[in-house]
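Let me begin by presenting the structure, written as structure tokens, before commenting on it.
Nothing in this text is a laboratory measurement; each read-out follows from the coordinates by a stated rule. Nothing here was measured: the structure is a model prediction, and the numbers come from that model. No Cβ is skipped: glycine too gets one built from the backbone with ideal geometry, and neighbour counts run over all protein chains shown.
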Amino acid sequence: MTLKTPDLAHKLAVASREKPADLLIKNGKILDMYALQIVEETVAIAGDEIVGIGAYTDGLEVIDASGQYICPGLIDGHVHIESAMVPPETFASVVVPKGVTTVIADPHEIANVGGNKAVQYMVQASKGLPLDVKIMVPSSVPAASFEQNGATLSAEEVEQLLHTDGVYGLGEVMDYPAVLQAEESILQKLEAARANGCVIDGHAAGLGATALNAYLTAGIANDHEAVSEQEAISRVQRGMYVLMREGTAARNLEALLPAVTSANARRFAFATDDKHLDDLIREGSVDANIRKAIALGVEPLQAIQFATLNVAECFKLEEKGAIAPGKEASFLLLSDLESFTVESVYVKGRCVARGGKGTEPLRASVQPPDDLLDSVRVKPFTSEALALPLTEGSQARIIQTNEDSIITEHIVEPVPVEDGRFHPANGYLKLVVAERHKQTGDIGIGIVKGIGITDGAIVSTVAHDSHNIIACGSDDTSIEAAITHVAQMRGGMAVVKGEEVMASLPLELGGLMSLSSSDEVKQKLNELQKALLNIGYQAEKDPFLTLAFLALPVIPSLKLTSKGLFDVETFEFVDVEA
């Protein structure tokens, strides 16, 4: 049935049992997120709000939840929808049946391609969905001042966007040197957010105690970049919320859980940050975080609190996070706590998913701006541009990748050299980042170790955060063919061997997202994974996610941009030859 939003008088009448509830849930087991206990009571709903828990008997519609648990809708504390490689409408169709009813979304990926216009598109594309998308205005576009991305967001544009309908807060402040040095532009953005009472997202990768103090002084109260127990403790001791991230590339939950105690548990929450569509479909969103936490020994109610009440309080979502009077009637019916099996999903009193599928069609998709559908512009280059001169017998700075982490190591080792040039071999691959927004012709070249390709290349236009073309491989022929191919298909990912394209996924929307259905995108992703075997890749971890973060110069330790090799620790460009 369709429920109209009632006035306060009607809600009070239902709460006082003077009128029947619009929706009554009886015989269910309520998950009390405040006391972490199970309560067997009836839930009364008026319109889109829970108005009572107790001895209610009359309802215009009644749900018999016998044998089921009544759980608040899940909240993802930090996500980039673009990382799922589909627009908000398709993203919602995938995560809502998993139990996710709210996400804190930072569209800084597409903003780095299209600026203000791209953010406006994401705001509009996120409206009118069964998923409540809280858009955070990107604060650091570009992520660092020297980056060659497609657009910038000035302090004036950020302030304007903060007043836009559908915008909730200020996105992760990635340019931490600008904060620590009190640069005028970032201060204007922070002050605009504070003046509007907005939540400000953090990005405190590798920051020590003094820098954290400055971060908190700036009004940044949460962080999803903690990767160790001590980092988590240091943040919580200073009053920050720690968002325990479990995405595709970065999986930090197991490392962070030892920091959680009965005394500080309310300062921890869940986030996915970046998660590929195939992983969302196969594993889930923050529902997967819950299951993993339970498997690691966390009590089920505690694990669920991380994805509900704690996130709601972190982001000042007073109407969400619990099954209680005055809260939004967005909830799940679960058949089992240990496996966190979602049977039904209700948003504002209306059933939107059952048995893992949506119950009603989504509205039509919002048409993206034409500029975002033609955003890959590469200046023609020759194979000679891919050469990396090195002195025979010299030491080279190498990017060492780490499994389940986007943090790299800066190592110095001798590498194979032939005719005065780096020759990929023995586990050392060539890494290339080619500028693709303004046809500057800039190409950064480096060496990466830890990606198990032996004969071919992989390439992508998803390269955080500037999203230039990034490729790595065992030979220049494969790398050149790979870059040419993704440029011709207006963005995407590909596996290439020699001059043969083994598999590819077009990402025509900003070079980041596909306008195809979730099933079609998933099929293409599966084809990419199978094609990896043809170039010698045997590991289980998706190398495209590893590749995407090798160009992000605000995450330690050594990264490659279109302008060259960058040492994040010293925050300066360095030569490949040590």
Report task. Subtracting the Cα-Cα distance from 0.36 nm times the residue separation, let me have the gained length for Thr382 to Glu319 in nm, one decimal. Result -> 16.9 nm
**Report entry** Radius 11 Å from Cβ of Glu231, net charge of other residues (Lys, Arg +1; Asp, Glu -1)
**Finding:** -2
Query - Computed [θ] at 222 nm, deg cm²/dmol, the chain (DSSP H ≥ 4; -39,500 (n - 2.57); rounded to nearest 500) - result: -7000 deg cm²/dmol
Requested in this report: Quick one: Debye curve from the alpha-carbon atoms of the stretch 371-573 only, equal weights, vacuum; give me log10 I(q)/I(0) at q = 0.13, 0.16 Å⁻¹ to two decimals.
Outcome: -0.64, -1.00
Query raised in the report: At Glu520 and Leu12, where each label point lies 7 Å from the Cα along Cα→Cβ, what is the point-to-point distance in nanometres?
Result: 5.3 nm
Report task. Pairs to check: Lys11/Lys327; Lys134/Lys348; Lys98/Lys348; Lys275/Lys524; Lys127/Lys348; Lys98/Lys316. Give those whose C-alpha atoms are more than 19 Å from each other in this structure. Result -> Lys98/Lys316
Query - Whole-number D in µm²/s for the chain (Stokes-Einstein; Kirkwood sum over Cα pairs; 20 °C, 1.002 mPa s) - result: 88 µm²/s
Requested in this report: Set Lys and Arg Cβ to +1 and Asp and Glu Cβ to -1, take the dipole of the chain about its Cα centre, and tell me which of Ala548, Ser228, Ala21 lies farthest positive.
Outcome: Ala21
Query raised in the report: Using θ = phi - 60° and the Karplus curve 6.51 cos²θ - 1.76 cosθ + 1.60, what whole-Hz ³J(HN,Hα) does each residue of the stretch 249-261 get, with Gly and Pro shown as x?
Result: 8, 10, 10, 10, 4, 4, 6, 8, 4, x, 7, 7, 10
Query - Distant-in-sequence amide H partners of Met244 (H built 1.01 Å from N, under 5 Å) - result: Ala269, Phe270, Ala271
Query raised in the report: Using the Karplus equation 6.51 cos²θ - 1.76 cosθ + 1.60 (θ = phi - 60°), what ³J(HN,Hα) coupling, rounded to whole Hz, does each residue of the stretch 558-572 give in order, writing x for Gly and Pro?
Result: 10, 9, 10, 10, 5, 9, x, 6, 10, 8, 5, 5, 9, 6, 8
Query - Residue-by-residue Karplus 3J(HN,Hα) for the stretch 284-301, coefficients 6.51, -1.76, 1.60, Hz, glycine and proline x - result: x, 9, 5, 4, 5, 4, 4, 4, 5, 4, 5, 4, 8, x, 6, 4, x, 5
Report task. Report the label-to-label distance for Asp336 and Asp374 in nanometres (one decimal), using points 7 Å from each Cα along the Cα→Cβ vector. Result -> 5.3 nm
Query raised in the report: Semi-axes of the stretch 76-298's equivalent ellipsoid from the Cα gyration tensor, sqrt of 5 times each eigenvalue, largest first, rounded to whole Å?
Result: 26, 23, 14
Query - Environment charge of Ala204, counting only residues whose C-beta is closer than 11 Å and scoring Lys/Arg +1, Asp/Glu -1 - result: -3
